[in-house]
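Bear in mind that the values in this text are calculations on the coordinates, not laboratory data. This one's a predicted model, so the numbers in the text were calculated from it and none came from an experiment. In this analysis, Cβ positions are derived from the backbone assuming ideal geometry, glycine residues included, and neighbour counts consider all displayed protein chains.
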Amino acid sequence: MRILFLGDVVGRVGRQVVLDELPGLRAQWALDCVVVNGENAAGGFGITEAIYEEFLAAGADAVTLGNHAFDQREALVFIERAPRLVRPTNYPAGTPGRGAALVETQSGARVLVVNVMGRTFMDPMDDPFAAIDRELDAAPLGLVCDAAIVDFHAETTSEKQAFGHWCDGRASLVIGTHTHVPTADHRVLPGGTAYMTDVGMCGAYDGVIGMDKEEPLRRFTRKIGSSRFEPATGPGTLSGLAVETDANGRALKVAPVRLGGLLEPVAPSFW
Ligand SMILES: [Fe+2]
Ligand SMILES: [Fe+2]
């Protein structure tokens, strides 16, 4: 299978680069499955039903979230009628929505999509390692699903790397999100799981992790906030990871994708 994962979409600039580029990439690379992290899609904070529907129409098979999952209150309601919208699975019991989804792609493949949140320098959550065990055990790779995509939404590189190794051989892809800055460690782990500590964001990189730089600079230098965070403007970059898997859902090839905006462009050579 050919899988594309796109990192946190931040605000209007991020949405626009995804809507502009994804339909073409889906066709050009003959993608079987696309997953988009949409936790910052609505003005940098959360997601609305209209934006979720836009991502699906542009070619996403599933949309994952993170600590900003419910910043837009409407998500608490519409997530129940959005079967391809996945919030962190280790939220407290009773949280609306689902933490994992077995989605059927346009080509008929069954893909398990799981969203999990880390705990280091994050809000307290249930144990992500025990949580992913439950999800992966319920849908074994190659038996119940043709591919398993794990979006690990976490702050520290160490917790993310540990999580990749924990899942190695049981997931097709463990991708880090939340820090919005792409790392250079994409690779296939020994057990056949593709891994990247952070996939980066889809948004404007002339800011502070996708936000206009003025307010973050004020808060860092003066310790007094004076306005809201607003998404950065300027040219948008699409940031993602391309993964090719075998018939058993193990990763064969992995390459970063960065298109447009301020970052150096990269694309997989194997498609
Ligand atoms: Fe984010
Ligand atoms: Fe986040």
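For the range 134-271, what size does the Cα cloud have along each of its three principal axes, sorted from largest down, in whole Å?
53, 34, 21
For helix 157-167, report the angle its Cα long axis makes with the longest principal axis of the Cα atoms of the chain; keep it between 0 and 90° and round to the nearest 10°.
In the chain, helix 157-167 runs at an angle near 20 degrees to the longest axis.
Can you give the Kirkwood hydrodynamic radius of the range 1-140 from its Cα pairs, in Å with one decimal? Working shown, then result.
Numbers: mean 1/r = 0.0656 Å⁻¹.
It is 15.3 Å.
Cross-link partners among aspartates and glutamates for Lys253, C-alpha distance below 14 Å, same-chain residues fewer than 8 apart left out?
Here the aspartates and glutamates satisfying the reach criterion relative to Lys253 are Asp185, Glu244.
Nearest 500 deg cm²/dmol is fine: what mean residue ellipticity at 222 nm does the chain get from its DSSP H runs of n ≥ 4 alone, each adding -39,500 (n - 2.57), divided by its residue count? Intermediate values should be presented prior to the final figure.
Numbers: 6 runs with 63 residues, N = 271.
My calculation for the chain gives -7000 deg cm²/dmol from helical runs alone.
Give the shape of the range 42-110 as rounded, prolate or oblate, defined through the alpha-carbon gyration tensor: a ≥ b ≥ c are the square roots of its eigenvalues, a/c under 1.5 means rounded, and otherwise the shape is prolate if a/b is larger than b/c and oblate if not.
Working: a/c = 2.11, a/b = 1.28, b/c = 1.65.
Oblate, because a/c is 1.5 or more while a/b does not exceed b/c.
Quick check: pseudo-label points 7 Å beyond the Cα along Cα→Cβ at Ser269 and Ala247, how many nm apart are they?
So the two model labels end up 2.8 nm from each other.
Can you tell which of Pro216, Gly192, Pro182 lies farthest toward the positive end of the dipole of the chain, using +1 and -1 charges on the Cβ of basic and acidic side chains (Lys, Arg; Asp, Glu)?
Working it through, the farthest residue towards the positive pole turns out to be Pro216.
Please sort by residue number the chymotrypsin sites (Phe, Trp or Tyr not before Pro) in the range 69-167 whose DSSP state is loop and whose Cβ has at most 14 other Cβ atoms within 10 Å. Write down the numbers at each step before the final one.
Numbers: sites: Phe70, Phe78, Phe121, Phe129, Phe152, Phe163, Trp166; in loops: Phe70, Phe121.
When the chymotrypsin sites (Phe, Trp or Tyr not before Pro) of the range 69-167 are filtered for loop state and at most 14 Cβ neighbours within 10 Å, Phe121 remain.
For the residue pair Arg134 and Thr48, what label-to-label distance in nm results when each label sits 7 Å from Cα along the Cα-to-beta-carbon direction?
3.3 nm
Please give the contour-minus-distance gain from Ala57 to Ser158: 0.36 nm per residue of separation, less the Cα-Cα distance, rounded to one decimal in nm. Display every interim value, and only then the final one.
Details: separation 101, 0.36 × 101 = 36.36 nm, distance 3.56 nm.
Stretched out fully, the Ala57 to Ser158 stretch lengthens by 32.8 nm.
Efficiency by 1/(1 + (r/R0)^6): what FRET value for Val77 and Arg187, r their Cβ-Cβ distance, R0 = 35 Å, to the nearest 0.05? Don't skip to the answer; put the middle values down first.
Details: r = 40 Å, r/R0 = 1.14.
It comes to 0.30.
To the nearest 20 debye, what charge dipole does the range 1-138 have about its Cα centre, counting +1 at the Cβ of each Lys and Arg and -1 at the Cβ of each Asp and Glu? Intermediate values should be presented prior to the final figure.
On the way: 12 positive and 19 negative charges, 28 e Å.
With Lys and Arg at +1 and Asp and Glu at -1, about 140 debye.
Run the simple label-point estimate for Glu230 and Glu104 please: 7 Å along Cα→C-beta, distance reported in nm.
Distance between label points: 4.6 nm.
Mind listing P(r) for the chain? All alpha-carbon pairs, 5 Å bins, whole percents.
Values per bin, smallest distances first: 1, 7, 14, 19, 21, 18, 12, 5, 2, 1, 0, 0.
Using C-alpha positions alone, give me the convex hull volume of the range 1-41 per residue in cubic angstrom. Don't skip to the end; give the middle numbers.
Details: hull volume 1.9 nm³, N = 41.
Normalising the Cα hull of the range 1-41 by residue number yields 47 Å³.
About its Cα centre, what dipole magnitude does the chain give when the only charges are +1 on Lys and Arg Cβ and -1 on Asp and Glu Cβ, stated in debye to the nearest 20?
Numbers: 24 positive and 34 negative charges, 56 e Å.
For this selection, approximately 260 debye.
Quick check on the chain: of the DSSP beta bridges with both residues there, what percent are antiparallel, nearest 5%?
Values: 25 of 53 bridges.
Percent antiparallel among DSSP bridges in the chain is about 45.
Quote the relative contact order of the range 161-255 in percent (integer), defining contacts as alpha-carbon pairs under 8 Å separated by 6+ residues.
Values: 190 pairs, mean separation 26.3, N = 95.
Once divided by the residue count of the range 161-255, the mean separation gives 28 percent.
In the range 80-237, what percentage of the DSSP-assigned beta bridges are antiparallel, given to the nearest 5? Before the final figure, lay out the partial values.
On the way: 11 of 29 bridges.
So the antiparallel bridges in the range 80-237 amount to around 40 percent.
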